[in-house]
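Q: The structure follows.
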Amino acid sequence: MKHKQINYSKTHAKYLKKLKTEKIIIIFWQIVVIVGFLGLWELLSGTGAIDPFFFSSPSRIVQTIIELGRTGNLFIHMWTSLYETILGFLIATILGVLIAILLWWSERLRKVMEPYLIILNSLPKIALGPMIILWVGSGTGATIVMCVLICLVITIISMLNAFISCDNDKILLMKSMHANKFQILFKLILPNALSDFISVLKINVGMSWVGTIMGEYLSSKAGLGYLINYGSQMLQLDIVMASIVLLCILAGGMYFMVSPFEKKYKRS
């Protein structure tokens, strides 16, 4: 028994070492890809192979970010977009899950609302932009509403599918043990849908930024979307590229805040 235990430990240690090595290799190549891309971009821009006026360059982008930081505008625009995105993300996620629970609870209501959800999901949300401005006014309110609309229907559909895909035999087993609907929901349906919820969070991170930028394009005096729009109108593409880089950094930060939950609650 002792000999078997030692063999198992060595095999397990070897397996863990292999996983760690693979992770290091992946991180290494991720760094190589981004450094290589930025280096090639800088080289092509510096040699004139591509026009830096239209394509900018990493050095010019860094210079633009520093300049925006000196004027104090950078942090205002970043904070505005981040605030709108986080608020829209939270509202859409919480409201979407609650509506999905309601639709799961009432099969009749689910059948009534299902075609409308599909239609709303296929509707280009940008088409509602002028109406949103009339309803809630321009600025932050309109941007948050746009962000919520982008994420809400996707959250409802994804979570509802997760709820109704739960093993029916398990539900029947709980009913045979006289479990009520509340107990089935909290002890079976919600835990079963946890990994799907994490996936929804990851999707909503990206979609909420899409909604925020769309909203700021429509009507805003601050935010990264406003900077992108302003830079394109003034033909200052360094500002456009710098805003996109900052947008990627903020979106990446939100994603990395969510991704640890995926490993913790990953369905086996």
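Q: Around GLY223, what is the net charge, scoring Lys/Arg as +1 and Asp/Glu as -1 over all other residues with Cβ under 12 Å from its Cβ?
A: It works out to a net charge of -1.
Q: Specify the residue with the greatest mean-square fluctuation among GLY141, GLY225, GLY36, computed from a Gaussian network of the chain linking alpha-carbon atoms under 10 Å apart.
A: GLY36
Q: Can you work out the FRET efficiency for the pair GLU114 and ASN180, with r the C-beta to C-beta distance and R0 = 25 Å, to the nearest 0.05? If you can, show how the numbers build up before the last one.
A: On the way: r = 25 Å, r/R0 = 1.01.
Efficiency at R0 = 25 Å is approximately 0.50.
Q: Then there is this: Using a cut-off of 13 Å between beta-carbons, work out the net charge of the residues near ILE61 (Lys and Arg +1, Asp and Glu -1, ILE61 not included).
A: -2
Q: Rounded to the nearest Å, what's the spacing between the alpha carbon centres of the stretch 44-114 and the stretch 196-268? Just the number, please.
A: Distance between centres, Cα-based: 2 Å.
Q: Also, quick follow-up: Using only the alpha carbons of the stretch 98-166, what is the convex hull's orientation-averaged projected area in square nanometres?
A: Details: hull surface 19.9 nm².
Orientation-averaged projected area of the Cα hull: 5.0 nm².
Q: When a footprinting reagent is the concern and you count Cβ atoms within 10 Å, what order do LYS23, LYS202 take, fewest first?
A: Working: LYS23 10, LYS202 15.
Listed from fewest to most nearby Cβ atoms, that is LYS23, LYS202.
Q: Further, regarding this structure: Of the listed values (1) 189; (2) 159; (3) 136, grab the one calculated as volume of the Cα convex hull per residue in Å³ from the structure here.
A: Read-out taken from this structure: (1).
Q: How far apart, in nm, are two points set 7 Å out from the Cα along the Cα-to-Cβ line at PHE75 and at SER199?
A: Going by the 7 Å Cα→Cβ label model, 4.1 nm.
Q: How do MET241, MET257 rank when sorted from fewest to most other Cβ atoms within 10 Å of their own Cβ?
A: Fewest-to-most ranking of MET241, MET257: MET257, MET241.
Q: Calculate, in nm to one decimal, what LEU98 and MET257 gain on full extension: separation in residues at 0.36 nm each, minus their alpha carbon distance.
A: The LEU98-MET257 span can extend by a further 55.0 nm.
Q: List the relative contact order of the chain as a percent without decimals, with contacts defined as Cα pairs under 8 Å and 6+ residues apart.
A: Normalised by residue count, the contact order of the chain is 24 percent.
Q: Using a Gaussian network for the chain with springs between C-alpha atoms less than 10 Å apart, which of these wobbles most: GLN30, GLN63, GLN236?
A: It is GLN30.
Coordinate-derived values only; no laboratory data. None of these values were measured; they are calculated from a predicted model. Every residue, glycine among them, receives a Cβ derived from its backbone with ideal geometry; neighbour counts consider all protein chains shown.
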